[in-house]
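Have a look at the structure below, then the notes.
What follows is calculated from the coordinates using simple rules that are stated; it is not laboratory data. The structure displayed is predicted, hence computed values, not measured ones. Note that we place each Cβ from the backbone using ideal geometry, even for glycine, and neighbour counts take in every protein chain shown.
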Amino acid sequence: MKSLLFKLLTGVAIFIFHGRISASEPGTLRGRLLLDSSWDQTIYISHIPTFDDLYTMSSDMIISRTTIDSLGYFEFDISFFPDDINLYRIHISKKGDSAHSIIIGGKDENHLFLLATGNSNIEIEAGKGNSPFRLVRFANDSLNRSFHHITTTVKTADSIASVSETAKRQFVERKLNEELLLLADSTDNLMVALYAIYKSDTDATLRKNPAFLPDFLQRWNNNPNPYLTALARAHPIPQQNNKYWLMAFPIALAILLGFGLGRLKISKKDAVKNLSVQEKRIFEQLKKGASNQEISEEFNIGVSTVKSHVSSILSKLNLKSRKDIIHLN
Amino acid sequence: MHMNNKLITYILMVIAITLITFSVNAQVKVSSGSNSDSESNFELTRSISFENDSKSREISIDIQPGTKRFDVNIKSRVLQGGLTLEIYDENNKKRGFFKIRRQIDSEFDSEVTTGNFNKSITDPSPGEWKVMIIPAKATGEVFIKTYSIL
């Protein structure tokens, strides 16, 4: 009797403290689902390489699986996950269906997205909702709570929109988009921001606010992340901006050259004004191509005097020869 | 005499309760009858099969004016290759999207890969929804079921 009691107490103690001990181990994803008998008791986890692959199902994406016990508990060892945050999906399948099945929308929606690293310690508690993952709670995990908040926000808005008249539906969708973009802009976690952008109406955003995506990519430029790279690839910055810059450069150069040449012309004009009266008279003759002899006879001055004046004129105008004076405008 | 009175009272009570119950049931039946008289339901199922196919297809789904509710359910499966499905509403806005693929040398040789999409809308705008089916050397099938209440 005593040994039976002892065994019973030991079993109860192990059962109670099992959760506490496991909860402290990093590299664990555990939880509890409330499933009816129509669901198979195996749960799978897939790695999602980009946000475009959120709704891609393939056997090669599945990286682990485990059994769900009769009470709905399951546990994955995720210590082999990479150190940086990646996106994963857990899913279950209906009995009789393929193990590789994805169901989107409706009461049989069969999957949940989450973020994890090899050191994560994630605990999921599913509430009793229409679908297995509809009312999920992440305990002690602010990252996945923020991430999952996006999922629930989108689903809530979708539920309201689905039963609303057209005008209200459009209003709800517009407000949802605004909220998602605000979230993407204000969060300090890149993966949460990317998820918000992915779930928003990206086409509408690009039309109404073309600067949003380039600004976003610029903001996170120093975070090498394959998910960010995929977004940048999917939405390259329009070439039109680059074309404008290419056209603007030669125009700017032409303006600068013209300005420079203009200033050169002005400085020569100023230099001519600074010539003496006699030098100006001789300058006019030089422009006509007159020789020193001709200038000497014109002004009744010695040839050597003419040569001296010519030398002074060339020096003041920063010219090298009489030919330059002839060609000066 | 006293026993007879009690018995009669009891029988009368049973009859009264029975009559009341039947009258309630009759009312429920009538109200559902009047519902079915004022509404029309349309269900349409289309199936597309393909074998080692890469040819894209576009399936149009018309939503008539006055449709009170519109449900679309898409079930797809591939035994080989890849399949992408995109669902667009009457404004050409993407409402759903998924991809499924299966490699022949996968661990589970007898398995197929399936993808299902479900959407229900009350008071939908009239117009044409489109389902784009994009196989990539795929062998499989797609079932599109729509249900409209007018």
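Taking every residue in A:157-163 and counting other chain Cβ atoms within 10 Å of its Cβ, the average works out to 3. Of A:Tyr88, B:Tyr147, the sequence from fewest to most neighbouring Cβ atoms within 10 angstrom is B:Tyr147, A:Tyr88.
Per residue of B:90-98, how many C-beta atoms from partner chains lie within 10 Å of its own C-beta, taken as a mean?
Numbers: counts 0, 1, 1, 4, 3, 2, 3, 5, 7.
Across B:90-98, the average partner-chain Cβ count within 10 Å equals 3.
Among B:Ser76, A:Ser120, the order by Cβ neighbours within 10 angstrom, fewest to most, reads A:Ser120, B:Ser76. Taken along the Cα-to-beta-carbon direction at a fixed 7 Å, the label points for A:Ser304 and A:Asp185 span 8.5 nm. A straight line joining the Cα centroids of the range B:131-150 and the range A:208-225 runs 36 Å. Spread over its residues, the convex hull of the C-alpha atoms of the range A:71-213 is 143 Å³ per residue. Go ahead and run the numbers for FRET between B:Ser40 and A:Asn318, Cβ-Cβ distance against an R0 of 60 Å, rounding to 0.05. E between B:Ser40 and A:Asn318, to the nearest 0.05, is 0.05.
Ordering A:Trp220, B:Trp129, A:Trp39 from the fewest to the most neighbouring beta carbons within 10 Å gives A:Trp220, A:Trp39, B:Trp129.
To the nearest 0.05, how large is the calculated FRET efficiency for A:Lys273 and A:Ala211 if R₀ is 56 Å and r is the Cβ-Cβ distance? Could the numbers behind the result be given before it?
Numbers: r = 52 Å, r/R0 = 0.94.
That gives a FRET efficiency of 0.60.
Could you give the distance between the Cα centres of the range A:303-323 and the range A:141-199, to the whole Å? After rounding, the separation between the Cα centres reads 82 Å. In this calculation the C-beta distance from A:Ser79 to B:Asp62 is compared with R0 = 51 Å, giving a FRET efficiency of 0.45.
Shown here for the range A:82-183: trypsin sites (Lys or Arg not before Pro) in loop regions (DSSP other than H, G, I, E, B) with at most 11 other Cβ atoms within 10 Å, namely A:Lys95, A:Lys107, A:Lys128.
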